[in-house]
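See below for the structure under consideration.
Please treat every number below as a calculation from the coordinates, not as lab data. Not measured: the values here are computed from a predicted model. A quick note on method: Cβ atoms are made from the backbone with ideal geometry, for glycine too, and the neighbour counts reach across all protein chains shown.
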Ligand code: AFP
């Protein structure tokens, strides 16, 4: 009988489109010397919670999960029911997994000490980013940063464990609940994106080794705040218009960032009169996206320094954020003196 050998596609060296997230994580674990599998398990825990949250979101109009929860978070923002649901789902997954000792969440005033004497990782998370878009069926997301704790395992959690610079992240990512649900993450060796196939209950590699275009033509900013902005940023916006750039603003950072990552562009949230330190939170929004931006060839700055070099002083610290295609962020730099 004539047979035909099956031709395996090895060309992508472990980055073959269609590989499951689980298999991908496992096959890349060996790239880390002394890997124990805990970070891999932690990423799986996050993926599991993301699937559950994705399910809750997809039923948002049907269940009783839309609308305000009736409380405000530490930042004085009204919590939505799905904010609270997502916070519970992710915290539960991180607690059960056993690899994490502490969680910093947008929805919690204090650090959550998981009372896990074996956990060596700290997670900073915005469980549901873009809350104002929940009730109107527009894309929202989850953003996470993973750090190795600084103090010895088993000892009480200290400020130095949670207030680490973005450059110390061991992994970071986001989940985008959009026209499909995607998980995009990096462990410092490139950025990979996985699309969720709900009927199979699996994330599959769909966007291997993502690279952002170094030039784009999209600028993303809440221009409704124009009057509240400084002169420098106003001039930059004017230049964007003169260059014929396209304005795109969803109001969910993950969705705005993801579009610009794929198409090329710049996202700007400057300081305003209302938010003199900017609005975006350093620990669980800016740092993760800055890590991903840099890993995909882009840049992220607060207008003075690289986002990843900022030493945080507070859990819920805010920062101005300018992030996206390298040449666009550099161009913006010519408007700021020390960029
Ligand atoms: P939360 O929904 O998690 O509070 O964050 C929303 C957000 O930080 C970010 O996702 C948006 O890009 C930004 O706020 C939108 O802010 P404006 O409503 O001021 O444009």
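Table for the structure above
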item	result
Cα gyration tensor shape for region 213-319, rounded if a/c is under 1.5, else prolate or oblate	oblate
Mean Cβ neighbour count within 10 Å, used as a protection proxy, ranking 285-298, 259-272, 184-197 highest first	285-298, 259-272, 184-197
Region 229-246 and region 107-136: distance between their alpha carbon centers, rounded to Å	35
Fully extended contour minus Cα-Cα distance, from residue 3 to residue 214, at 0.36 nm per residue	71.2 nm
Cα-projected label distance for residue 189 with residue 59, points at 7 Å along beta-carbon direction, nm	3.8
Cα gyration tensor, region 21-207 - rounded (a/c under 1.5), prolate or oblate	oblate
Separation in nanometres of the label points that stand 7 Å from Cα toward Cβ, at residue 95 and residue 158	2.7
Computed over the chain: relative contact order in percent, which uses C-alpha pairs under 8 Å that are six or more apart	15
Whether region 89-159 is rounded, prolate or oblate, judged on the alpha carbon gyration tensor where a/c under 1.5 counts as rounded	prolate
Inter-label distance for residue 314 and residue 165, nm, one decimal - labels placed 7 Å from Cα along Cα-to-Cβ	2.2
